[in-house]
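The values are calculated or read from the model by the stated rules, or taken from the named source; none is laboratory data. These numbers come from a predicted model, not from an experiment. Neighbour counts run over all protein chains shown; Cβ positions are idealised from the backbone, glycine included.
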Amino acid sequence: MSSSADLQETTKSVPCIKILTLFPDMVRTVLETSIPGRTERQGQVRYEVVDIREFSVDKHRTVDDTAYGGGAGMIMMAKPVVEAVESVRKNDDATVILTTPQGETFDEALTLELLDDLQLKGELILICGHYKGIDERAIELVVNREVSIGDYVLSGGELPALVVADALVRRIEGVLHNEDSANNDSFTTVRGGGLDCQWYTKPPEYRGLKVPDVLLSGHHGKIAEWRDEQARERTEVRRPDLTKTDLTKNEEKSQKR
Ligand SMILES: C[S@@+](CC[C@H](N)C(=O)[O-])C[C@H]1O[C@@H](n2cnc3c(N)ncnc32)[C@H](O)[C@@H]1O
């Protein structure tokens, strides 16, 4: 049986994703579900969800105010955000990410880079903005990376932070079982940075639509060849931009794991 000191040591060595939000229940629910939840239960990652309102400026739990210079929309104040970060940050050099439509775009290369960062430093902090965003001084003081999940604007940073957390934890070695394997998903090195092929399951015919014969042939070589070909064709038709993907960075990261 492990002593409480052993347990504390183990907990400390498990990398921790820390999400700072005004909606902790929303975040916790997703982190407890499916693969993110299983990853934590298996002891391969920990999550800390911090309610930014715990660091509010008054007894009304205020965390936002009107913008200097006027204009519609509230701004999250610097103090609660900065103090929430300081309350959970263990390493001074921890990566503190602000989710924002103005950040670098989240993709496969950034997934692998942030996963390395999480495993190296033991923690990764994600701040969820809301309203018009957060006071720029909080960004200057505690944020060292800004990440966007795409060119559209959501109401808050919770979904983007959860997107980042999910994409990272499913790439931790040993998390995915065979049934949800990620090694030939879209954007992976196996797919040359392109898209995955199409997939089928039982029955062999549904509403007149048949599974391609080759998949029922039992010939593994031919099946692999067919899947590669389909994946290449899909990439050329749907995402020709991906045929130019520079995989060097992804490959280096993938080889490390
Ligand atoms: C309504 S948005 C603020 C948008 C900001 N005024 C702008 O136009 O750049 C509120 C919060 O949602 C989050 N957010 C919205 N869209 C996002 C995206 N595409 N990627 C990452 N975070 C996003 C950010 O945390 C942001 O602070």
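For the range 22-62, what are the residues that are among the aliphatic types (A, V, I, L, M) and in contact with a strand residue (DSSP E or B) (Cβ under 6 Å, 6 or more places away or on another chain)?
Once the filter is applied, which keeps residues that are among the aliphatic types (A, V, I, L, M) and in contact with a strand residue (DSSP E or B) (Cβ under 6 Å, 6 or more places away or on another chain), the range 22-62 yields Leu22, Val27, Leu31, Val49, Val50, Ile52.
Counting only helices (runs of 4 or more DSSP H) that sit wholly inside the range 1-82, those with at least 3 residues that are at pLDDT below 95 are 4-13. Here Glu113 passes the criteria (1) under 26 Å from Thr245 (Cα atoms); (2) within 15 Å of the ligand (Cβ to nearest atom) except the one numbered (2).
Here the condition is being part of a loop (DSSP other than H, G, I, E, B), in contact (Cβ under 8 Å) with a residue 12 or more places away in the chain and either farther than 30 Å from Tyr68 by Cβ or aliphatic (A, V, I, L, M) (or both); of Val175, Val96, it holds for Val175 alone.
Of the residues Ala138, Ala224, Ala161, Ala167, the single one that is in contact (Cβ under 8 Å) with a residue 24 or more places away in the chain and out of contact with any strand residue (DSSP E or B) (no Cβ under 9 Å at 6 or more places or on another chain) is Ala167.
Only one entry of Ala167, Ala161 meets the criterion of being assigned to a helix (DSSP H, G or I), surrounded by 21 or more Cβ atoms within 10 Å (Cβ to Cβ) and at pLDDT 95 or above, and that entry is Ala161. Entry remark, the range 102-130: residues being assigned to a helix (DSSP H, G or I) and over 26 Å from Gly193 (Cβ atoms) number 1 in total.
Being among the aliphatic types (A, V, I, L, M), surrounded by 11 or more Cβ atoms within 10 Å (Cβ to Cβ) and within 16 Å of the ligand (Cβ to nearest atom) is the requirement here; does Ala182 meet it? No, not satisfied. Scanning the range 17-36 for residues that are without any contact (Cβ under 8 Å) to a residue 24 or more places away in the chain and under 21 Å from Asp117 (Cα atoms) yields nothing.
Only residues that are more than 19 Å from Arg53 (Cβ to Cβ), of a type in the set (D, E, K, R) and within 11 Å of the ligand (Cβ to nearest atom) were counted across the range 123-155, and they come to 2. Residues of the range 188-195 include at least one that is surrounded by 12 or more Cβ atoms within 10 Å (Cβ to Cβ), hydroxyl-bearing (Ser, Thr, Tyr) and within 20 Å of the chain's Cα centre (by Cα).
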